[in-house]
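*Asks:* Right, I'll just put the structure down here and ask away after.
The values are calculated or read from the model by the stated rules, or taken from the named source; none is laboratory data. Just so it is clear, the structure is predicted and the values come from calculations on it, not from any experiment. Backbone-built Cβ (ideal geometry, glycine too); neighbour counts: all protein chains shown. Please note that ligands, DNA and RNA were not included when accessible areas were found on the heavy atoms of the full protein model with its side chains. Shrake-Rupley method; radii C 1.70, N 1.55, O 1.52, S 1.80 Å.
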Amino acid sequence: MDFNRRQVLWAGGAMGAGALLAACSSGSGDTKAAPAPADGKPKSGGTLRVGALGRSGAITRDPHGTQANESDYLVIALVFDTLAMPGAKSNTVPRLAASWEPSADLKTWKFKIAKGAAFHDGTPVTAEDVVWSLRRLRGTPSGASRLPGVKGAESITAEGADTVVIVSDYANADFPLLTRLTTFVMKKDTPDNALDKAPGTGPFTLDWYRGGNARLVRNDKWYGGAVHLDAVEVTMFETPQAMANALLTGQIDVASNAGAVAARTAGTRKDIQVLRRPNDMAMPIVMRTATGSPFADPRVREAMRLVVDRDAMVKQVLSGYGTVANDIMGTGDPAFAKDVPQRRRDLQKAKKLLAEANFDLSRTYSLVTTEDISGIAESATLFANQAREAGIKVEVVKQESGAFWDKTWKTGDFYTTYWGTNDSVIFFASKTMAGEAGQNEAGWADPAFDAAYRKAIGTADEKERAAALKELQQIQHERSGYLLWGMADGIDLAAAKVKGLPTLPGYGRVQLENAWLS
């Protein structure tokens, strides 16, 4: 596959243009974890043992590569910094970049490096290091989608020792959101065969790495401030069940992204914390809209959205750890269109639309899914059962993860997918729905949607932007290739002694510099 799916799961989305522009003069940002409880201040010391999902066959050490394992991404995110990151009050706040500023036409962005930023070997971070890293990122197979609008090396340059200049082909008020995902900075000219030993700039340095497991120690000279923990040990697990069992038996302190089943089991234990991040993960069904697909007719896609029983899906698939959605991606965005009427099950209307579209009810349609994350295969099975009530025959086909992402994703007619980046309508528009999107999962092309998207990102005027965002979401609700029936809560399990864990979704969840042990 040409895009890091698990990176997207971890990564945050975007913020509105007004908030982005306000961040231009911000300092360290609101990256702190929740305040310490009344029973004491954060303590220094100790080793936090974290379990994360991964497979031995998918291990990688490249910060700009395809990290299919959450365990690898966690290690990389603790060792290397991105230019920006999610925040508690603003969706995008500074990290390695202390501030950013756009040109009047919103095409040129200048990022200033944080004062005191240095690599683990003591050498200061320069603009040339950042430029080299971003050019390397842009040169990867999925570089065009990671930095959309940035043509190539000539669009990324240094201005002095501490300022990086990035030029987009078009106006983009949301450009800083792109720096929250995979813009890990390495030293200039780091050889590809030395990535496992390359010094980063993050709050932890790598002590050792063995077969997906790692130990990281505190970086006492981190530019971002004091780090509480002495060390973090990451253990890779191939299933959520094995990871949850390790927590329950005291082998690890945190089970990351453990799922609803594990949460129900742990809920009876007073010594275990169940940490919920509402509205955290989308598991939509994708219907290919291109000519030749059985779902090319928008009436058919509308019928499918009317067939699903959303309340039942949330109750049965997510065990109640989630909320009903309305076929619009980006549910956590402050600009999410809550006034678009909630779509509800209507079998009679669905049958009428199918008849008008001459949809062939005699054939059986394959709904392809994986078992990559908890609940996704179950969602396909339950939908298939619900569809039968409208006379639609659906056969669920489970595919091995590698085959799914190589052969079905972005090309299949009917399949499940998943995203953890839910706090930005613009993120999904740019990545999965605009005509130029690198991950256009449904093969959707809609000129009116593209126009609304360009208008939304091309202006800093809040009133114009709000109107464009509303139109963009209305079009998506009416005729996109997504059936988004619900949003799953993100669920982490932790021992009672663990304090200060991040509560933000996506990439914000791997920021452990404020965690501590009581």
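*Asks:* Of the conditions (1) free of Cβ contacts under 8 Å to residues at least 60 places away in the same chain; (2) among the β-branched types (Val, Ile, Thr); (3) surrounded by 17 or more Cβ atoms within 10 Å (Cβ to Cβ), THR157 satisfies every one except a single condition; which number is it?
*Replies:* (3)
*Asks:* Could I ask something else about it? Which condition breaks for SER374 when tested against (1) part of a strand (DSSP E or B); (2) within 20 Å of the chain's Cα centre (by Cα)?
*Replies:* SER374 satisfies all of (1) part of a strand (DSSP E or B); (2) within 20 Å of the chain's Cα centre (by Cα) except (1).
*Asks:* If I ask for residues that are in a helix (DSSP H, G or I), surrounded by 20 or more Cβ atoms within 10 Å (Cβ to Cβ) and small (Gly, Ala, Ser), which ones from the range 223-245 would you list? Please lay out each step first, then the result.
*Replies:* Within the range 223-245, the first condition is being in a helix (DSSP H, G or I), and the residues that meet it are 240-245.
From what is left, the residues that are surrounded by 20 or more Cβ atoms within 10 Å (Cβ to Cβ) are 240, 243-244.
If the condition is that a residue be in a helix (DSSP H, G or I), surrounded by 20 or more Cβ atoms within 10 Å (Cβ to Cβ) and small (Gly, Ala, Ser), then ALA244 is the only one that fits.
*Asks:* Still on this structure, please answer the following. Only one residue in ASP207, ASP220 is assigned to a loop (DSSP other than H, G, I, E, B) and either crowded, with 24+ Cβ neighbours inside 10 Å or not β-branched (Val, Ile, Thr) (or both), so which one is that? Don't jump to the end; show me each part of the working.
*Replies:* On the way: ASP207 fails: assigned to a loop (DSSP other than H, G, I, E, B).
Being assigned to a loop (DSSP other than H, G, I, E, B) and either crowded, with 24+ Cβ neighbours inside 10 Å or not β-branched (Val, Ile, Thr) (or both) holds for just one of ASP207, ASP220, which is ASP220.
*Asks:* Which pairs have Cβ atoms under 6 Å, sit 6 or more apart or on different chains, and link a residue in the range 160-175 that is open to solvent by 50 Å² or more (accessible area, probe 1.4 Å) to one that is assigned to a loop (DSSP other than H, G, I, E, B)?
*Replies:* Every condition considered, the pairs that remain are ALA161/THR126; ASP169/GLY149.
To keep it simple, each residue is scored yes or no on (1) outside any helix (DSSP H, G or I); (2) of a type outside the set (Ser, Thr, Tyr); (3) closer than 22 Å to ALA104 by Cβ.
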position	(1), (2), (3)
LEU134	no, yes, no
THR140	yes, no, no
ALA144	no, yes, no
GLY149	yes, yes, yes
ILE166	yes, yes, yes
ALA171	yes, yes, yes
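*Asks:* Before we move on, is LEU512 closer than 21 Å to GLU233 by Cβ, among the aliphatic types (A, V, I, L, M) and part of a loop (DSSP other than H, G, I, E, B)?
*Replies:* Working: closer than 21 Å to GLU233 by Cβ: yes; among the aliphatic types (A, V, I, L, M): yes; part of a loop (DSSP other than H, G, I, E, B): yes.
When the stated conditions are applied, LEU512 passes them.
*Asks:* Which of the residues that make up the range 46-84 are in a loop (DSSP other than H, G, I, E, B), farther than 10 Å from GLY212 by Cα and among the β-branched types (Val, Ile, Thr)? Walk me through it before giving the result.
*Replies:* So in the range 46-84, the residues in a loop (DSSP other than H, G, I, E, B) come out as 46, 54-55, 59-69, 80-83.
Adding the requirement that they be farther than 10 Å from GLY212 by Cα leaves 46, 62-68, 80-83.
Once the filter is applied, which keeps residues that are in a loop (DSSP other than H, G, I, E, B), farther than 10 Å from GLY212 by Cα and among the β-branched types (Val, Ile, Thr), the range 46-84 yields THR66, THR82.
*Asks:* Quick one: which strands (runs of 3 or more DSSP E) sit completely within the range 393-497 and have at least 3 residues that are in contact with a Gly (Cβ under 6 Å, 6 or more places away or on another chain) and either at pLDDT below 95 or surrounded by 18 or more Cβ atoms within 10 Å (Cβ to Cβ) (or both)? Explain how you work it out, then say what you get.
*Replies:* Values: elements: 393-398, 414-416, 486-495.
Ranges flagged: 486-495.
*Asks:* Go through the range 431-451 and give me each residue that's touching a helix residue (DSSP H, G or I) at 6+ places or on another chain (Cβ under 7 Å) and closer than 20 Å to ALA467 by Cα. I'd like the intermediate steps shown before the answer.
*Replies:* Keep residues of the range 431-451 that are touching a helix residue (DSSP H, G or I) at 6+ places or on another chain (Cβ under 7 Å), which gives 431, 433-435, 437-441, 444, 446, 448-449.
Result: MET433, ALA434, ASP446, ALA448, PHE449.
*Asks:* Evaluate the range 99-111: report whether one residue or more is over 16 Å from the mean Cα position of the chain (by Cα), farther than 19 Å from SER133 by Cα and either buried (at least 22 other Cβ atoms within 10 Å of the Cβ) or free of Cβ contacts under 8 Å to residues at least 60 places away in the same chain (or both). So that I can check it myself, show each step before the final result.
*Replies:* Kept after step one, since they are over 16 Å from the mean Cα position of the chain (by Cα), are these residues of the range 99-111: 99-111.
If we keep only those that are farther than 19 Å from SER133 by Cα as well, we get 101-107.
Among the residues that remain, those that are also either buried (at least 22 other Cβ atoms within 10 Å of the Cβ) or free of Cβ contacts under 8 Å to residues at least 60 places away in the same chain (or both) are: 103-104.
Yes, some residue in the range 99-111 is over 16 Å from the mean Cα position of the chain (by Cα), farther than 19 Å from SER133 by Cα and either buried (at least 22 other Cβ atoms within 10 Å of the Cβ) or free of Cβ contacts under 8 Å to residues at least 60 places away in the same chain (or both).
*Asks:* Being touching a Pro at 6+ places or on another chain (Cβ under 9 Å), among the basic types (Lys, Arg) and at pLDDT 95 or above narrows it down to one residue among ARG288, ARG277; which is it?
*Replies:* After applying the criteria, what remains is ARG288.
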